[in-house]
Amino acid sequence: MTEVARTQGDSSEIERGSVAEVAALGTVLKGLFNRLDIPQAQYAHRVHLDKSAVSRYLAGRRLAPQDFIDRLVREVEEHVGAPLQPEAKEALRSQRLEALRVCNPDEFRLESLRDELARSRRDTERAHRNIEALHALLEKKESEVRHVSEDLTRLRLDWGAERTALDRLRQDLRDAERLREEAERQSRELRDQVLRLEEELSRRGPAQAPDDVPLELFKSQLMWMWDEDDLPEAARDLTEAAWSRPLDEVAELLRWLTEHRAAPETFAADVARLRPLGDVLAFAPEVVRLGRTRTRESWTAAVAARITERNAALVLQGLRDVEIRSDSEADRVLSVAVGRTRSDAEAVALVTAALGGTAAPVRLARVAEKLANGSRLDRFGLRALVGIAKAGRHDMAALVLTAAIGSGPDLRLGRAIRELDDAGIDTLFDVVTWLDDTEVMTTFTMRLARADETALLGRLLTVMVGHGRLELLDLESSEVLASAVRDWRRSRHQ
């Protein structure tokens, strides 16, 4: 009976695992660990691992890495004062490879190739040592032959025998050199295979970790942990799955968690926090399909927290629905990001950076409303509007203006305008004058008239006249506006 067989214990832990090979390996490792006679928590601290990871390896719910197994074997050997049998170590490694073959065939193939490469290199080194030994022996024999040949008559027969031995050694040397060349060729081929496979696996994006189980089995493990009230362990596994599993499996997990009402909002937020930004944007349709839910709100907040001036344009482009030409989701996420800014200047910089990737008109009504709500120092968001207009995005500035005229009393709007410098007022009035929406232009002008802002109104009307836009005002919609315009015209004729 091998050392591994002697350490096997109760099979109850195997029955809890979802992969028989992994569970069987866990049972063997648990038997080895029990020989240390220490708690798992103490051992986890000793080997600098999380207690939950050690627990999963020994319970057979997660495939243990080879270095964990090697460390455990060394600890047992030191504790008992005797090495494990070589056959036991080889059986343990074979058992892990079999479990790896079931869980992740690609990694199994890669590790097998690495083992073959290591054996090939050992064969090469052994051939080198044989050649060196044969060279030394050949030199010795040649020296002996030279001494024997000096007395050819006396030692003819002995010399003949030595000559035969010399020829045999030369043939052995040729055979050894041939074996060395074959071993070196095989090493090169195996090394090329390893490099090709590593390159292939690296191109697949976030692939399954070597110890990940198939998705359906992972779901079963989650159900078991929930039934056992092991919620922290389930949460850790879901967080790991959010960043490590392929994106299609992550989408399937989100749908499955939503159906089971198992905190999908936390999982969606982890995807947004931990995945590369390209994955996060590609994942957006999965979240949008959920409608107005807490899951969507959590995902939106997590994505917004990652938006900076550097990636804002990428986020806007990635979240635009090209098929229906909609900026709805981009508007939702960017508005939350704008709400997180700490100053008007920072908000303007973020919005203009986002718009830098597109020349087409945008429909970011939520962002505009967020800016129009302004702050204590920028009522109606006029400073933000002017900053965006100066950056060349009059389409976005117009959206902010549309949102601004619907909030706050007329008197406050006039005071907010006067807080701008002359250049800022000129930019604001340019935006008002060139609005495509004449209803908004009329409403803005009417609010100045109702606030009795005669100087500001005259300045705005002068700009409109200069650009031939005054006639676009709908004076019939407001007697107050019509009267103010008549008074201004009379004052100009005097």
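Structural remarks
- Whichever residue in the stretch 412-426 is over 18 Å from residue 373 (Cβ atoms) and outside any loop (DSSP other than H, G, I, E, B) and, among such residues, is modelled with the lowest pLDDT: 414
- Considering only residues in the stretch 427-440 that are assigned to a helix (DSSP H, G or I) and within 46 Å of the chain's Cα centre (by Cα), the one that is surrounded by the fewest Cβ atoms within 10 Å (Cβ to Cβ) turns out to be 430.
- Top-ranked residue of the stretch 234-268 - restricted to ones that are more than 18 Å from residue 216 (Cα to Cα) and not polar (S, T, N, Q), ranked as surrounded by the fewest Cβ atoms within 10 Å (Cβ to Cβ): 263
- Some residue of the stretch 480-488 being assigned to a helix (DSSP H, G or I) and of a type in the set (Lys, Arg): yes
- Unique match (being under 22 Å from residue 277 (Cβ atoms), buried (at least 19 other Cβ atoms within 10 Å of the Cβ) and modelled with pLDDT under 85) among 367, 338, 351, 362: 362
The values are calculated or read from the model by the stated rules, or taken from the named source; none is laboratory data. What you are looking at is a predicted structure, and each value in this text was computed from that prediction instead of being measured. Neighbour counts are summed over all protein chains in view; Cβ atoms, including those assigned to glycine, are modelled from backbone coordinates with ideal geometry.
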